[in-house]
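See structure below.
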Amino acid sequence: MEGISKYFPENRVQANRNVNLVVKKNEIHAIVGENGAGKSTLMKILYGLERPDKGRIVLNGKQVSIHSPMDANRLGIGMVHQHFRLIREFTVAENVVLGIEPKKNGLFFNRDKSVRDVRSVIEKYGFNINSESRVADLTVGQMQQVEIVKMLYRKADLLILDEPTSVLTEQEINRLFDNIRELKNQGKTFIIITHKLDEVKEISDRVTVMRRGEVVAVKETENVDQKELAKLMVGKSVLFKLKKDPVSPGAVVLELKNVSLKLKRQERPLLDRIDLKVRAGEIVGVAGVGGNGLGELEDVVTGLFKVSEGEIFYKGENITGLPASKFREKELGYVPADRLNRGSCLDSTVRENMIITRHHDFLKAGVFNQKKISVFVNNLFKSYSITGDTSVPIGTLSGGNIQKVILARELATNAELIIFSEPTWGLDVASGEFVYENILKLRKNGIAVLLISSNLDEIMNLADRIVVMYRGRITGRFTNDKSISKALIGEYMMGVRNDFN
Amino acid sequence: MKLIVKRKKNPENIFVNIFSLSVTMGIAFLIVIVLILFLSKDPAKTIRYFFIGPFLNRYYFGNMLNSAIPLIFTGLGIAIAFKASTFNLGGEGQVYSGALAATAVCLALPEANGFIGGSLAILAAIGVGAVLAGLSGLFKMKWGTDELISSFLISGAVVLIVNYFITGPMDDPANNLLTTREIAKQYRFMQIFPPSKLDISIFFAVLTAFLVFFFMFYTHWGYEMRMCGLNREFSRYGGIKVKFYLVLPMILSGSFQGLAGAVSVMGTYHMSVKGFSFGMGWNGIAVALIARNNPLAVIPAAIFFAYIEAGASAAMIHSDVTFEIAAIVESIIYFLITAQALKDFIRYRKRRTE
């Protein structure tokens, strides 16, 4: 891939900037980088799911144009997505042949032949699944094998695996790596997207490091250690001009005791025995790379997901297991990572979006007092310097403006705790700074802030204490002072270090 | 730092909607005219009766408005459910059983005061409709059963049960028709436009549409319901009890269906006749689609439906058009217009889920 560039005008993100990627035949090539580094976009371009603005793709010496996954399949490129694309009620064989089924008399589905063919693929490459079992009965690791078999059945020689280990247990990971090595021996080439550096070391031959849409390094895996990779991934610290007043934290506002979250049929817990305290007037930053439990932590502390084990206390009161509506009655503010679906209702007006958390305050005998709403909304518009019409659907605003509306709404509650998740993701610099100023203002006013973010600069600049999560577990706890460095936190984030093993 | 909130083109613009709907209507009418040219020996007369028949005399005009009344109620009921993104396909059974419930109460209290007994009858109809639709909402809440399917199936069974009562235990032995006995005089709504059957409940229907509009856009239940309909995740995040709004809209929707049944009995038919309400439930869905689920737009949409029906029957009586041809003409119009409305509805939903 040469000189690939891709810009997303909707959220103004330059996902790839002049990226060159060279993958040699029969090697295992890892691509590492933080969230939003542009790894997935690059792979989607290679697999025909996105079109590049600039650049070209050369395969085996010939320039090719890939418009769709079908084109990619024809050229021998297969991709296994992070989220499996399988039909649960179908058997393994049915899933594998779907779309290119063998036919009987040119018309009917040839079940016997598909079972036979799939079985021979499974045996040839040494997988451990039965082609006639129902996918719904398989474990997550086996489902992934089905996905790989699906690509092999389509005669893929280059396989792209997008974060293949994120849902697997240790044993399943070992098993996957065995499969990958076996496939390599039989002449296949792999591109593996990941941000787990120990896995990079273990499985890959070469590694490309991406940061903010660009390639920052290409290394032979044996010549580079995990610490160096971690440093390359996170980059140098970006210092903001933020004025942080010294503040002494007060009483504990939020406390998580031994909180775990486990899904059905999934061996590995998404959250594993999390202990966490947030005090009044302090910012606790939870750092981690996406897929390591940050999103799940966000969901459980806001009551949208029920914990499987453990307890959550808010101002000393046990709020474990309360429904989401009761959480809101406790008056906590929450700026979610998913601001377009969870944080706002794109089809309703800015005005209606602004009152969702406290619309009960504007009622008189069940009927809205429109004047009172106008006063409230106009005040927020003034104090957050938003101008314009409040009666347009919020979906017509830019991402930065939507985040401002959400911020205004959540900070307008009398909350003693505000939870931020990825508060500046995808925002331009000015909007981002606006968010930071407001977070620091909250801290000054003695409000407890839980900041969940995969943006390490953000955490390092704002947080008083830092908690690092890796694979659903807390791997490090720090006081944010001069003794820690970004590289050090990066090593915890990538699973290179762990204080609680 | 200042941020400017720019106004972009709003795809829900009401004038765009009205324009596109008018074009479809024009096409539908053109097809009807062509059909009549082929099928009728005296096309000029047929076309005349079809289009202006409903306005020719008081009788036709009043009856047209009268048949719009139940459609306003069923249309409102469906619009409420749609607004909350719940689906009530059980209108047929809910209207029919509501009618039977109202008839039963009136027949059980032949001597009671008209207002008290009448109110009881209406409440019974509302209750039956609400329970039938509410069940589907409850199943959805408890077990995630698709309310679209369950309301349809429940309705299918209920129709048969109502048939049994009308033709069995409640059948009027004095005549050979498949009807119940007539309800007592004090329960019949006052007729306001003789010789037509139009009765005072038309005012009640219009008032109800305004009330539903107020409910949807000015009360907190309406707000929470609409928010749940637009984005359940956001509503849950905002602290709304989203599960409650799987049930409430269904209950309200069923209530209006039951009400439509009661009004048909007490205003027009004065008894329950086997199959007399068939079509009201389905047409309510079409009315709601054309009205884009706006309660106030339900009124003209229902009158439009009644107009087509009245036109077809006027053409049938005064010219050589048979019942079948009238039915074909009617269905072509329904088909085109609901297809248009449905298309916009689907596009709207798709945009939302993206």
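The values are calculated or read from the model by the stated rules, or taken from the named source; none is laboratory data. Not measured: the values here are computed from a predicted model. Because the Cβ atoms are built from the backbone with ideal geometry, glycine has one as well, and the counts that use them run over all protein chains shown. All accessible areas refer to the heavy atoms of the entire protein, side chains included, with ligands and DNA or RNA removed. Shrake-Rupley method; radii C 1.70, N 1.55, O 1.52, S 1.80 Å.
Working only within segment A:355-367, note down all residues that are crowded, with 19+ Cβ neighbours inside 10 Å and over 12 Å from B:S235 (Cα atoms).
A:F362
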(message) Which count do you get for residues in segment B:126-171 that are in contact with a Lys or Arg (Cβ under 8 Å, 6 or more places away or on another chain), assigned to a loop (DSSP other than H, G, I, E, B) and surrounded by fewer than 17 Cβ atoms within 10 Å (Cβ to Cβ)?
(response) 1
(message) Given the criterion within 11 Å of another protein chain (Cβ to nearest Cβ), at pLDDT 80 or above and open to solvent by 30 Å² or more (accessible area, probe 1.4 Å), identify the matching residue among A:G388, A:G395.
(response) A:G395
(message) Anything in segment A:339-354 that is assigned to a loop (DSSP other than H, G, I, E, B) and more than 8 Å from every other protein chain (Cβ to nearest Cβ)? List them, or say none.
(response) A:R339, A:L340
(request) Specify which of the listed residues (A:V92, A:V32) is modelled with pLDDT of 85 or more and closer than 19 Å to A:Q145 by Cα. (result) A:V92
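Does A:T320 count as within 13 Å of another protein chain (Cβ to nearest Cβ), in contact (Cβ under 8 Å) with a residue 12 or more places away in the chain and open to solvent by 10 Å² or more (accessible area, probe 1.4 Å)? Even if it seems obvious, please write down each step before you answer.
Working: within 13 Å of another protein chain (Cβ to nearest Cβ): no; in contact (Cβ under 8 Å) with a residue 12 or more places away in the chain: yes; open to solvent by 10 Å² or more (accessible area, probe 1.4 Å): yes.
Here the answer is no, as A:T320 does not meet what is asked.
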(request) Kindly list the number of the only condition in (1) within 22 Å of A:E255 (Cβ to Cβ); (2) facing another protein chain (nearest Cβ under 8 Å) that fails for A:G333. (result) (2)
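Regarding A:S120, is this residue loosely packed, with under 15 Cβ neighbours inside 10 Å and touching a residue at least 40 places away in the same chain (Cβ under 8 Å)? Don't jump to the end; show me each part of the working.
Values: loosely packed, with under 15 Cβ neighbours inside 10 Å: yes; touching a residue at least 40 places away in the same chain (Cβ under 8 Å): no.
No; evaluated as a whole, the condition is false for this residue.
Of all residues in segment A:421-432, which are within 14 Å of chain B (Cβ to nearest Cβ) and open to solvent by 30 Å² or more (accessible area, probe 1.4 Å)? Working first, answer last.
At the first step, the residues of segment A:421-432 found to be within 14 Å of chain B (Cβ to nearest Cβ) are A:421, A:427-432.
Within segment A:421-432, A:L427, A:D428, A:V429, A:A430 qualify.
Are any of the residues in segment A:308-317 among the β-branched types (V, I, T), closer than 30 Å to A:H195 by Cβ and open to solvent by less than 50 Å² (accessible area, probe 1.4 Å)? Spell out how you get there, then give the answer.
Within segment A:308-317, the first condition is being among the β-branched types (V, I, T), and the residues that meet it are A:312.
So of that shortlist, the ones also closer than 30 Å to A:H195 by Cβ come out as A:312.
When the remaining residues are screened for being open to solvent by less than 50 Å² (accessible area, probe 1.4 Å), the result is A:312.
Scanning segment A:308-317, I find at least one residue that is among the β-branched types (V, I, T), closer than 30 Å to A:H195 by Cβ and open to solvent by less than 50 Å² (accessible area, probe 1.4 Å), so the answer is yes.
Are any of the residues in segment A:249-262 of a type in the set (A, V, I, L, M), over 25 Å from the mean Cα position of the chain (by Cα) and open to solvent by 40 Å² or more (accessible area, probe 1.4 Å)?
Start the filter on segment A:249-262 by keeping residues that are of a type in the set (A, V, I, L, M), which leaves A:251-254, A:256, A:259, A:261.
So of that shortlist, the ones also over 25 Å from the mean Cα position of the chain (by Cα) come out as A:251-253.
When the remaining residues are screened for being open to solvent by 40 Å² or more (accessible area, probe 1.4 Å), the result is A:251-252.
The answer is yes; a qualifying residue exists.
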(request) Return only the number of the condition from (1) closer than 25 Å to A:G78 by Cβ; (2) modelled with pLDDT under 90 that A:V216 does not satisfy. (result) (1)
(request) Determine, yes or no, whether A:V435 is more than 24 Å from A:E282 (Cβ to Cβ) and out of contact with any strand residue (DSSP E or B) (no Cβ under 6 Å at 6 or more places or on another chain). (result) no
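For B:F278, state whether it is open to solvent by 50 Å² or more (accessible area, probe 1.4 Å) and either among the β-branched types (V, I, T) or modelled with pLDDT of 85 or more (or both). Talk me through it step by step, then tell me what you get.
Working: open to solvent by 50 Å² or more (accessible area, probe 1.4 Å): yes; either among the β-branched types (V, I, T) or modelled with pLDDT of 85 or more (or both): yes.
Answer is yes for this residue.
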(message) Quick check on my filter: what residues within segment A:433-470 are surrounded by fewer than 20 Cβ atoms within 10 Å (Cβ to Cβ) and within 19 Å of the chain's Cα centre (by Cα)?
(response) A:D457
(request) Scan segment B:264-277 for residues that are within 19 Å of B:M64 (Cβ to Cβ) and out of contact with any strand residue (DSSP E or B) (no Cβ under 9 Å at 6 or more places or on another chain) and report the count. (result) 2
(message) within 14 Å of another protein chain (Cβ to nearest Cβ) and hydrophobic (A, V, I, L, M, F, W, C): which single residue out of A:F313, A:F327 fits that description?
(response) A:F327
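For segment B:214-322, list the helices (runs of 4 or more DSSP H) that sit wholly inside it and hold at least 1 residues that are out of contact with any Ser or Thr (no Cβ under 6 Å at 6 or more places or on another chain), more than 14 Å from every other protein chain (Cβ to nearest Cβ) and of a type in the set (G, A, S); which are they?
Working: elements: B:220-230, B:232-237, B:244-263, B:280-290, B:295-318.
Output list reads B:244-263, B:280-290, B:295-318.
Residues that are open to solvent by 30 Å² or more (accessible area, probe 1.4 Å) and under 25 Å from B:Y269 (Cα atoms): find the helices (runs of 4 or more DSSP H) completely inside segment B:8-110 holding 2 or more of those.
In segment B:8-110, the matching helices (runs of 4 or more DSSP H) lie at B:58-83, B:91-108.
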(request) Could you please let me know if B:A84 is at pLDDT 85 or above and within 14 Å of chain A (Cβ to nearest Cβ)? (result) yes
(request) Could you please tell me which pairs satisfy a Cβ distance under 7 Å, a separation of 6+ or placement on different chains, a first residue in segment A:179-193 that is at pLDDT below 90 and of a type in the set (K, R), and a second residue that is crowded, with 17+ Cβ neighbours inside 10 Å and assigned to a loop (DSSP other than H, G, I, E, B)? (result) none
